[in-house]
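Here the structure is laid out as structure tokens; the discussion comes afterwards.
The values are calculated or read from the model by the stated rules, or taken from the named source; none is laboratory data. Computed from a predicted structure; not experimentally measured. All Cβ positions, glycine included, derive from the backbone under ideal geometry; neighbour counts span all protein chains shown.
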Amino acid sequence: MRPPALALVVAIGAVGALAAGAMPRTVVGAAAPAGSLRGRVDIRRNVPATERRPGVTDLSTAATPDVPDRRRAVVYLETAPGGAFEEREGQRARMDQRNETFLPHVLAITAGTVVDFPNNDSTYHNVFSLSKAKRFDLGRYARGRSKSIRFDRPGIVRVFCDIHSHMSAFILVFNHRYFATTDREGRYRIDRIPPGTYTVLAWHDGAPRDSRSVTIPETGGVELDFVVQ
């Protein structure tokens, strides 16, 4: 069990280790057979709900805010296996702004992905980040507009709105594809992993909370569960 990190910078360092491209103890060429990793992340720690601060428009219209799913986790390999850097296709992802909430609350992507930030609220938003992995400020823009940013560097990016201080989200940027975000039941699956022994981490709400060692066979799947206290 890895103790919870006490600051975001610690979590950035953990995911940032992916950038080093360290190899697992067993390295097999890209053409070798591959296995899969699946399981469940059991979130047992208390996750307080984010309180939406009332605005002027709330005096006349009762808004129903979207509640971000803060119990979702990201499971990933701590080190990049052989052949991981051969797939660098540009991709696109989306982080919505709706009812003064970033949706999804956690977005996991590969380096080089362009993320769109559409504004579906009646108010202005100003998306920004001061994170080491990616600093940016999209400026203010109104409903119906969308701005985007490309994430080239692995690490954790904490996203905020300069107008609504209660809005926040995470973007985890990896330099390989061996990661997965859990579903509503806490389940995940990572496919096409080259055979070898790896350290697998379960990240939740700002930091890696649990880690396990697993050996992936040449064929077939491995079941690996995590508990986040």
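Points to keep in mind about this one:
- In the stretch 79-103, the qualifying residues are those that are in contact with a Phe, Trp or Tyr (Cβ under 9 Å, 6 or more places away or on another chain) and modelled with pLDDT under 95, and the one that is farthest from Arg143 (Cα to Cα) is Pro81.
- Here Gln97 passes the criteria (1) more than 29 Å from Arg40 (Cα to Cα); (2) surrounded by 18 or more Cβ atoms within 10 Å (Cβ to Cβ); (3) of a type in the set (S, T, N, Q) except the one numbered (1).
- Residue in the stretch 195-213 that is surrounded by 23 or more Cβ atoms within 10 Å (Cβ to Cβ), part of a loop (DSSP other than H, G, I, E, B) and either modelled with pLDDT under 95 or not hydrophobic (A, V, I, L, M, F, W, C) (or both) present: no
- Selection status of Thr199, touching a residue at least 24 places away in the same chain (Cβ under 8 Å), outside the structural domain of Arg135 (by TED's automatic domain parsing), more than 16 Å from the chain's Cα centre (by Cα) and under 19 Å from Val227 (Cβ atoms): yes
- Look at the stretch 207-223: where a residue is touching a residue at least 40 places away in the same chain (Cβ under 8 Å) and on the phi > 0 side of the Ramachandran plot and a partner is assigned to a strand (DSSP E or B) and crowded, with 16+ Cβ neighbours inside 10 Å, sitting 6+ places away or on another chain with Cβ atoms under 6 Å, you get Gly220/Gly35.
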